[in-house]
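**Q** Quick one: the structure is below, questions incoming.
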Amino acid sequence: ANTHETVKPLGETFFIFDTVVNVKIYDDRATRQHFNEIEALLNDIDGKISRTLESSEIYQVNSHSGKSPVKVSNETFELVEKALDYAKRTYGKFNPAIGNLVTLWNIGHEGARVPDADLIEAANALSDYHLIEMNKETHEIYLQKEGMAIDLGSIGKGYAADAIYEYLEAQGFSSAIIDLGGNIYAKGNKPGGKLWNIGIQDPGKERGNSIGTIQVADKTIVTSGIYERFFIEDGKLYQHILDPGTGYPVDNGISSVTIVTKHSTDADALSTSLFVLGIEDGLKFIEDTPDTEALFITKEQKLYATSGFKDMLNKTNDSYTFAN
Ligand code: ADP
Ligand code: MG
Ligand code: MG
């Protein structure tokens, strides 16, 4: 591998999972063919776990709810198992059975508006993750109540980032930036052995404006925020992370949660989980999660961080101040 500091990355942009995906490989041996393979890999994942693609495994599981179990691939089975682990650990604040609520609110898509309260209640009644039955022997998934729907929107991009990481690793590429709409993996070191500088998005500004940067090597940086998928009705902002307790978008003063850790699937699940848990419970939760750092940014421009995150952060924006 070329580890010379002047190596220029080869990059490609894809549009998948409703997201702009950008992958840059810092290695002179990278070719367009590698990006074709990455695109195929992304299509394969989407073709398994998409909630809206009729041919996907998750679509099949959802459309057989209350009728019969559906056999899925190992990959899909394990991802749903992982999502269920987070559901248990967060007592259902993270909830992969939330598909009906996600469809009902339709946040981030045209025409989104506050639904009628009785429709929210009905969708919430179909969101009990305990009714997702996993058969480890047959790899069948069964949704016990008719009309239930799994939604993996909170974990799928992290899973895809890990899959790209594994692919690049197998190809012998040590330096790369994998970015799925802000769900980032900074793979290895920069060419030349230095750390990567990754900006932490200012949740109050357009993409690209940061509150500062963190220096990392071989880590994933994943943010859940209120600033990209939302709508405004009667002056109130409704963002896309829902509280399974109420069926309404979480409105707890948090603008964003950023997680830094080793596996992007976990980081994605954690960023959504901590957003719903809130600052106090979220910081407690993350204390029990090894090798993982978290940063909360509030609407009041306060920062709450684990000590490890504070150590990494080079804050450049004075409007934001540490509150813990
Ligand atoms: P992003 O879509 O920016 O990656 P997240 O990773 O936080 O943000 O995922 C948000 C998505 O997860 C929503 O669009 C929806 O599909 C789903 N979702 C919403 N609320 C929850 C929840 N409480 N638990 C699990 N998934 C959720
Ligand atoms: Mg995500
Ligand atoms: Mg997430």
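The values are calculated or read from the model by the stated rules, or taken from the named source; none is laboratory data. Note that the structure is a prediction, hence the values are computed from the model and not measured. In this analysis, Cβ positions are derived from the backbone assuming ideal geometry, glycine residues included, and neighbour counts consider all displayed protein chains.
**Q** Which residues, taken from the range 249-279, are assigned to a helix (DSSP H, G or I), among the charged types (D, E, K, R) and farther than 30 Å from ARG113 by Cα?
**A** Taking the range 249-279 first, the residues assigned to a helix (DSSP H, G or I) are 264-277, 279.
Right, trim to among the charged types (D, E, K, R) and you get 266, 268.
Hit for the range 249-279 is ASP266, nothing else.
**Q** Could you tell me how many of the residues in the range 49-60 are within 16 Å of ligand 1 (Cβ to nearest atom) and either within 13 Å of PHE17 (Cβ to Cβ) or crowded, with 21+ Cβ neighbours inside 10 Å (or both)? Spell out the reasoning first.
**A** First pass over the range 49-60, keeping only residues within 16 Å of ligand 1 (Cβ to nearest atom): 49-53, 56, 58-59.
Restricting the remaining residues to those that are either within 13 Å of PHE17 (Cβ to Cβ) or crowded, with 21+ Cβ neighbours inside 10 Å (or both) gives 49-53, 56, 58.
Selection size over the range 49-60: 7.
**Q** Still on this model: Among the residues of the range 238-262, write down those that are more than 15 Å from the chain's Cα centre (by Cα), farther than 19 Å from ARG207 by Cα, within 16 Å of ligand 2 (Cβ to nearest atom) and not hydrophobic (A, V, I, L, M, F, W, C).
**A** PRO249
**Q** Now for a separate question. Is it the case that some residue within the range 163-176 is in a helix (DSSP H, G or I) and within 16 Å of ligand 3 (Cβ to nearest atom)?
**A** From the range 163-176, those in a helix (DSSP H, G or I) are 163-170; that's our starting set.
Retained after the next criterion (residues that are within 16 Å of ligand 3 (Cβ to nearest atom)): 163.
There is at least one residue in the range 163-176 that is in a helix (DSSP H, G or I) and within 16 Å of ligand 3 (Cβ to nearest atom).
**Q** Could you grab me the full set of residues in the range 17-40 that are surrounded by 17 or more Cβ atoms within 10 Å (Cβ to Cβ), among the aliphatic types (A, V, I, L, M) and over 16 Å from GLY172 (Cβ atoms)?
**A** Answer for the range 17-40, where residues must be surrounded by 17 or more Cβ atoms within 10 Å (Cβ to Cβ), among the aliphatic types (A, V, I, L, M) and over 16 Å from GLY172 (Cβ atoms): just VAL21.
**Q** Let me ask something else about it. Answer with yes or no whether VAL260 is farther than 26 Å from TYR165 by Cα and in contact (Cβ under 8 Å) with a residue 24 or more places away in the chain. Lay out the reasoning, then the answer.
**A** Working: farther than 26 Å from TYR165 by Cα: no; in contact (Cβ under 8 Å) with a residue 24 or more places away in the chain: yes.
No, not satisfied.
**Q** Failed condition for GLY204, given (1) within 26 Å of ILE107 (Cα to Cα); (2) modelled with pLDDT of 95 or more; (3) touching a Ser or Thr at 6+ places or on another chain (Cβ under 8 Å); (4) not hydrophobic (A, V, I, L, M, F, W, C), with all others met?
**A** Status for GLY204: all satisfied but (2).
**Q** Also, quick follow-up: Considering only the range 208-222, state which residues are among the small types (Gly, Ala, Ser), assigned to a loop (DSSP other than H, G, I, E, B) and either modelled with pLDDT of 95 or more or surrounded by 17 or more Cβ atoms within 10 Å (Cβ to Cβ) (or both).
**A** Residues of the range 208-222 that are among the small types (Gly, Ala, Ser), as a first pass: 208, 210, 212, 217.
Then drop every residue that is not assigned to a loop (DSSP other than H, G, I, E, B), which leaves 208, 217.
Once the filter is applied, which keeps residues that are among the small types (Gly, Ala, Ser), assigned to a loop (DSSP other than H, G, I, E, B) and either modelled with pLDDT of 95 or more or surrounded by 17 or more Cβ atoms within 10 Å (Cβ to Cβ) (or both), the range 208-222 yields only ALA217.
**Q** Quick check on my filter: what residues within the range 170-193 are away from ligand 2 (no atom under 16 Å from the Cβ), surrounded by fewer than 23 Cβ atoms within 10 Å (Cβ to Cβ) and touching a residue at least 12 places away in the same chain (Cβ under 8 Å)?
**A** First pass over the range 170-193, keeping only residues away from ligand 2 (no atom under 16 Å from the Cβ): 170-177, 186-193.
When the remaining residues are screened for being surrounded by fewer than 23 Cβ atoms within 10 Å (Cβ to Cβ), the result is 170-174, 177, 188-193.
Across the range 170-193, the qualifying residues are GLN171, GLY172, PHE173, SER174, ILE177, GLY188, ASN189, LYS190, PRO191, GLY192, GLY193.
**Q** Could I ask something else about it? Can you tell me which residues in the range 223-248 are out of contact with any Phe, Trp or Tyr (no Cβ under 9 Å at 6 or more places or on another chain), within 16 Å of ligand 3 (Cβ to nearest atom) and assigned to a strand (DSSP E or B)?
**A** Within the range 223-248, THR223 is the sole residue that qualifies.
**Q** Next up: Return the residue satisfying two criteria in turn: it lies in the range 159-169 and is aliphatic (A, V, I, L, M) and either surrounded by 20 or more Cβ atoms within 10 Å (Cβ to Cβ) or in contact with a strand residue (DSSP E or B) (Cβ under 6 Å, 6 or more places away or on another chain) (or both), and of such residues it is farthest from ASP266 (Cα to Cα). Can you show your working first?
**A** The initial filter retains those residues of the range 159-169 that are aliphatic (A, V, I, L, M), namely 160-161, 163-164, 168.
Checking the rest, the ones that are also either surrounded by 20 or more Cβ atoms within 10 Å (Cβ to Cβ) or in contact with a strand residue (DSSP E or B) (Cβ under 6 Å, 6 or more places away or on another chain) (or both) come to 160-161, 164, 168.
Values: ALA160: 12, ALA161: 11, ILE164: 15, LEU168: 19 Å.
So, considering only residues that are aliphatic (A, V, I, L, M) and either surrounded by 20 or more Cβ atoms within 10 Å (Cβ to Cβ) or in contact with a strand residue (DSSP E or B) (Cβ under 6 Å, 6 or more places away or on another chain) (or both), the one farthest from ASP266 (Cα to Cα) is LEU168.
**Q** Give the range 127-164 a look and list any residue that's of a type in the set (Asp, Glu) and either in contact (Cβ under 8 Å) with a residue 12 or more places away in the chain or closer than 18 Å to THR90 by Cα (or both), or say none. Can you show your working first?
**A** Just the residues of the range 127-164 that are of a type in the set (Asp, Glu), to begin with: 128, 133, 137, 140, 146, 151, 162.
Once the filter is applied, which keeps residues that are of a type in the set (Asp, Glu) and either in contact (Cβ under 8 Å) with a residue 12 or more places away in the chain or closer than 18 Å to THR90 by Cα (or both), the range 127-164 yields ASP128, GLU133, GLU140, GLU146, ASP151, ASP162.
**Q** Of all residues being aliphatic (A, V, I, L, M) and within 16 Å of ligand 1 (Cβ to nearest atom) in the range 115-140, which is nearest to LEU152 (Cα to Cα)? Just the residue, please.
**A** Taking the range 115-140 and keeping what is aliphatic (A, V, I, L, M), we get 117, 119-120, 122-123, 125-126, 131-132, 134.
The next check asks that each one be within 16 Å of ligand 1 (Cβ to nearest atom); those that pass are 120, 123, 125-126, 131-132.
Numbers: ILE120: 19, ALA123: 17, ALA125: 18, LEU126: 16, LEU131: 16, ILE132: 13 Å.
Restricting to residues being aliphatic (A, V, I, L, M) and within 16 Å of ligand 1 (Cβ to nearest atom), the top hit is ILE132.
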